[in-house]
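The values are calculated or read from the model by the stated rules, or taken from the named source; none is laboratory data. Treat the numbers as computed from the prediction; the structure is a model and nothing was measured. FYI the Cβ positions are ideal-geometry reconstructions off the backbone, even for glycines, and counts take in every protein chain you see.
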C-alpha cells in the first residue's frame, strides 16, 4: 500500500517532480513555519503534494490556477483530456496545457467567458469549489455559512461547494472569517487537502489496514480487502478495475472511474455509493454486505443485487442479466432504466423517464409527464408494468400492499402519549414529547432510532415510528413519505459537522405526526389505528411477541444521563438494536413508558428522573417494542428504584453522610459494604445507624472508585450502589498550556504547547557573536527568556523552574538562600550561577490551588509536583522591594483561583479557575493589593526593549526627594508593589477597544510577558506571539483591563487607556522610488570601488565598501523597510563624495602619525540611578588615533554579562533598524575637545557616558 501520494510539485515555478513518494526532510527548509500550518505542510510534503525551492517552503506563497489543476488531476490519476479550443488563454506550448485539459475533463475546472486564467492566483472560494467537485461533495446549504462574518460574501456559483467543505469539517475559517475572496496560500492549501485525502493506493492494493480519513485509489487493478476506512473511499478517474472484499467504509464509496467494473463483495458503505464518472459509463458488481443506496449521477452498468438506486442526474441505468434492484428512484429528466436484470419498482419523479426492464412496476410522480413503461405511457400518479397490457387505472404509489382493499399497513409517526396509552395501565402517567433533549442527539439516528421529531432544529422528540393497520380512506389528507423522499440532517459530532441523508421510510425520522410510509408486506407486529372525527386512536400492539428473563447488570443513582440508570442484559436485546418504545412494570402492576435519548440509550441502557412515579417502586419487568416485535423481559432480581447519595466531602474531614430517598422494602435484608474498585480494603466503614461513612483522614487516599454497596442477603434484589465522591485540596505545579486551556484565552491555532522558531531576542557574547536565541513567540510552551543572573531568582517566586547545568544535571530551585545558592526540590543546597548554568526554563505556575478526586490523587501526585496542605510554600530571593517568603499550604473550597481537576484515561485536565474568598495559606486572611500602586502604559520604545508589543508597569507612588548626589528628584514614597510582585503567579489581559464588550482575552507567561524588578516595579507585557494577536480590524488602542492572579491575594485589576504611542508603528515597506535611488547609488559606488583592495583601501573607501554591501543586501531583501532604505540613502552620498574628494587631493609628502590606545574602565550599579545595572563589569577596547583624531575602534573584549550585554552593544554599535548610531560611530573623526558635544545613545546612557569619559581621558593624556 502506498500511504503517500505519488505527486510532487515545485510550486515556486511550474516544474513537476517524478511520481514517487518520499518522507519529509524538514531540515532542508530554512523558512519552515512553527505554527498552525506546520503539521499539514509536513504531511503535504510527505505525501508529495508540495515541495520547496532553493531551501524555502514558502508557506505564505500563493497557488495559481494552473498549479491547482496539476495537483488535482494527478491526485485523481486523470488521464483523459478535454478539448481546450474554447479557451483562448491556454496555449498548447504551456507546461500546464495537458493538466488543464485533464482538470476540465474531470469537471473540476470550468472557466468563464472563454477564459481559464491559468496563471492567476486561485482564490479560496475557487479552490474550495474545485475540491468539492473533485471529491463529489454536495449538500451544504447557505445556513452552514451563517456563523461566519463573511459567509454572505460567497459567490453564488461557489456557495454550495464552500458550504459542503465547511459542513464536512474540511474548512473552519479563522477568527470567524472564511476569507473567501483572498488568494489561497500554500499553507492553507496544505491544511485543506491533507484533511480531505488521508492516503493513496496504487495498483498494488492493500489489505488488513485501518485508515482514518478519506482514501483515494488512483490506479487500475487495485485490490482492497479486510480493512476499515473511517471516511470516504474514492475510486479515482483512471482506476478502471478495482476489487473490494470485506471492506468497511464509514463514509461513501465514490466511483469516478470503474470503466471495467468495481467489484464490491461483502462490503459496507455507511453513506452509500455515489457513481459520478466524467469518462463515460461505470460498472459495479455488488454481492453481500450492505452498501445502502447507490446514487447514479452518470451512466451505470449494475450487476449483483442492490436494494435502492437513485438516479439524480440524467443517466442510463443498465441492470445486467441476473442482477436485481429493489427500487429505482429517478429525479433527472430524460433518464433511462434498461437491461435484462430484475427491477421491482421504478418511481419516476421527473419528465420523460423511460423504463424497458421487463417486469418493472413504473409509477409516475405527481405532475410528471412523458414517463414510459416499455411502450406504455404512465400517467401522473399511476403505475404500469413493463411487458404487460396497459391498466385502466394504475395502482397508487409508495408500494402500498393493498391499494384496492379497505385496509393497508403503514409505518406511522405516533406521538408518545397516543402510542403508550394502550400499552400502559389506566392510571399511568401520560408520556409527553421530550422538549429538553440535546439537539444533536435528538437528530442522531443511531441514538434516537425508532423515534421521530417534528422540529428540524431538534428541540423535541415527538414520538414513535411504528407499523399500524389502518383504513386506506383514513390516510387521506395526511403526509405520505415515499421512496423518493429524503431529508438531510446535520449534527455536530466532536466539533465536526456530519450530514446524514434519510431516504424513503427512514425520512419519517424528521416529519410531521401521523406522516406515514406505505408498507408492501404485512408486518409481523403492528397497532390498529382508527380515525374518528379527525382524532387518531391506537390499539395495543399485536403480533410477534416473546418473553424471557433479563438481569440488571448495573444500577446507578444518580447516573450520568439520568437520575436513575440501569443496564439490561438479555440475549433478546442487543446494543444498538432499533427500539420503538420501552415499558417498565413494577411489582404492583403499574406501568411506565420511557422516552428516547433522555431515558433510552442504545437499547440496553435505560433510565428515568427523580420526579418519576417509579421512584420508591420495585421494578419487576421491562417490555421492549422492537423491530423484532414485542419482547417482555422478567427481571431475575427485582430492582428497587431509590436514590442513595453520599454527600461530597473533603477527604481531610474523615466522614460523609449518606441519605436515602426512600426506605428500603421490608423484605430487603440489607448488608452494607464500602468498596474501592469493587474490592473491600477495610479502609472505609459504614454505620447504618448514623448513616455515616468514616475513614482515617490522616492516611493516604487509596486509588480507585469509592462506592457504598447495599446488597440483599436473600438475593432477591439488584444491589443498590452509591458513589462516594471525596476531594483532596492541594497546590500543584501546572504547565502553562494546561493552566490556560480552560480559561477562554486567545490561541492562534490549536496547539497550546506550540513553540516558535522565530527569535524575539538574540543573545551575543562580548565580541558580538550570536550565542543563542530566546523563543517566546510560541503559545503556552516553556519560557526561555529568564537569564542566568537575576532571572534565576525572580522565576523561583511563583513559577516552576528547571535549570540544566553545564555538567548535564537538572535542578528545580524552590527558593534561594543567597545570590548563588538555591534550595532545590530535593532539599539540597546547590550553587547555580552564570558559570555553571547551561539553560533556564520556566514551565508553568508553581502553586496552583486544585481540587482533585481522592480516588485519583495518588496518580495525580505521580504526574505533577504537589504541595499538600500543611506542607511548606517557599520561593524567591530578597532584593530591595522584593522579599522571599515562607508559608503553610491550606487550600480549601473557598481558595481564590481554585481549579477542579478531572481525570480521563491516564491524563488529567484542569477546569476554569474559581474566584474565592480564601487565601489558601494557613492562618492568613486573603490579602488585597496596595491601593497606592500606580499603573502606567509605557511608550512602545520602552516596551520594545523588553520584547513586548504592549507594556504596562505597576510602580510605587513618588514623592519629592534627592538622588545620591543630593540633587532634587522624585523618589519612592513607599514600597507598594513589592508584596504583590512576590506573590504574582500570572496575568490575564482583556481588550475592550472603544466599547464595553470584551473583544479578546489573553493569557500570559512569566518572563516572556510578566516580570517584576527589584526597584522598578511590576512589568507586564504582551508579546507578539501565538498567544497574542489583536482582533481583526482593531489597532490596540482603547480600554484594557489587566488582572493579576497572586498567591494569597484577591484578584487585582487595573484599567488603562492605551494610545497610539504605546503601540508599535506600522512598518512601511521600501518604496519603488527608494529602490530606484539605491540602484543609482549602488552603480556610483561600484564605479569607485572597481579595483577595491581591502589591504590598501583608505578609511573612506572601506566605509563606502561596507555601505555598498548593505545596499546590495537590502535590494535583495523581500521585506526591506522605508526606514532601512532612508538610512542608506542619507549616508551613502556623503561617503561617495568623501572618496571622490580623496582622489582629488594631492598626495601628502609626510606620512601622518598613527597610534593605538587601549581604553579600560568599570561600570558599577551605583552609576545607574534607575537600577538597571545588577552587577559591576569591566570594559576594554582599542582606539586608533591619527594626528590626535579618532579614526577607528577595535578589539572590544568587554564581558558585560547576560543582562548588561544588550546595553553595552547598543551603546557601542547602536541599532541600525531604528537609525541609531553607536558611540563607536559617533566618536569617529573626533578630537578630545569635541567629545563633550557628542550625544549619548538613548536607552544606553550609562554605558555611553562611561565610554565618552574614558576616551576623553585617554586623549587628554595623549
Q: Take the stretch 643-656 and flag every residue that is part of a strand (DSSP E or B) and within 15 Å of residue 721 (Cα to Cα).
A: 644, 645, 646
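Here's the yes/no breakdown for (1) modelled with pLDDT under 95; (2) out of contact with any strand residue (DSSP E or B) (no Cβ under 6 Å at 6 or more places or on another chain); (3) more than 16 Å from residue 1046 (Cα to Cα):
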| site | (1), (2), (3) |
| --- | --- |
| 904 | yes, yes, yes |
| 925 | no, yes, no |
| 937 | yes, no, yes |
| 940 | yes, yes, yes |
Q.
Being in a loop (DSSP other than H, G, I, E, B), more than 18 Å from residue 485 (Cα to Cα) and modelled with pLDDT under 90 narrows it down to one residue among 392, 366; which is it?
A. 392
Q | Residue ID - modelled with the lowest pLDDT, chosen from residues in the stretch 375-386 that are in a loop (DSSP other than H, G, I, E, B) and at negative phi | A | 375
**Q.** Some residue of the stretch 659-666 being assigned to a strand (DSSP E or B) and in contact with a strand residue (DSSP E or B) (Cβ under 9 Å, 6 or more places away or on another chain)
**A.** yes
**Q.** So residue 677, is it assigned by TED's automatic domain parsing to the domain that holds residue 857 and either modelled with pLDDT of 95 or more or within 42 Å of the chain's Cα centre (by Cα) (or both)
**A.** no
Q | the stretch 307-342: number of residues that are under 19 Å from residue 260 (Cβ atoms) and either assigned to a strand (DSSP E or B) or in contact with a helix residue (DSSP H, G or I) (Cβ under 6 Å, 6 or more places away or on another chain) (or both) | A | 4
Q: Identify, by number, the condition in (1) more than 19 Å from residue 1221 (Cα to Cα); (2) at pLDDT below 85; (3) assigned to a helix (DSSP H, G or I) that residue 1100 doesn't meet.
A: (1)
Q. What do you reckon, is residue 372 surrounded by fewer than 24 Cβ atoms within 10 Å (Cβ to Cβ), assigned to a strand (DSSP E or B) and touching a strand residue (DSSP E or B) at 6+ places or on another chain (Cβ under 9 Å)?
A. yes
Q: Scan the helices (runs of 4 or more DSSP H) fully inside the stretch 97-176 and keep the ones with 1 or more residues being at pLDDT 85 or above, under 24 Å from residue 501 (Cβ atoms) and within 28 Å of the chain's Cα centre (by Cα).
A: 124-134, 159-167
Q: Could you please let me know if residue 1021 is on the phi > 0 side of the Ramachandran plot and either within 28 Å of the chain's Cα centre (by Cα) or in the same structural domain as residue 743 (by TED's automatic domain parsing) (or both)?
A: no
Q | residue 971, sole failed condition from (1) part of a loop (DSSP other than H, G, I, E, B); (2) without any contact (Cβ under 8 Å) to a residue 40 or more places away in the chain | A | (1)
Q. Any idea which of (1) buried (at least 20 other Cβ atoms within 10 Å of the Cβ); (2) within 11 Å of residue 566 (Cβ to Cβ) is the one residue 605 doesn't satisfy?
A. (1)
Q: Can you tell me which residue among 995, 966 is at positive phi and surrounded by fewer than 13 Cβ atoms within 10 Å (Cβ to Cβ)?
A: 966
Q: Would you tally the residues in the stretch 873-906 being more than 14 Å from residue 731 (Cα to Cα), part of a strand (DSSP E or B) and within 26 Å of the chain's Cα centre (by Cα)?
A: 3
Q: May I ask you to say which residue of 540, 554, 535, 575 is without any contact (Cβ under 8 Å) to a residue 12 or more places away in the chain and surrounded by fewer than 17 Cβ atoms within 10 Å (Cβ to Cβ)?
A: 535
**Q.** Scope the stretch 237-255; condition at pLDDT 95 or above and closer than 12 Å to residue 277 by Cα; matching residues
**A.** 254, 255
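One line per residue, one yes/no per condition, for (1) out of contact with any strand residue (DSSP E or B) (no Cβ under 6 Å at 6 or more places or on another chain); (2) not assigned by TED's automatic domain parsing to the domain that holds residue 859:
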residue: 709; (1), (2): no, yes
residue: 715; (1), (2): yes, yes
residue: 736; (1), (2): no, no
residue: 750; (1), (2): yes, no
residue: 753; (1), (2): yes, no
Q) Within the set of pairs 6 or more residues apart or between chains, which connect a residue that is over 13 Å from residue 65 (Cα atoms) inside the stretch 86-98 to a residue that is at pLDDT 85 or above with Cβ atoms less than 6 Å apart? A) 87/116
Q) From the list 1045, 1108, which residue is outside any loop (DSSP other than H, G, I, E, B), within 30 Å of residue 917 (Cα to Cα) and touching a residue at least 12 places away in the same chain (Cβ under 8 Å)? A) 1045
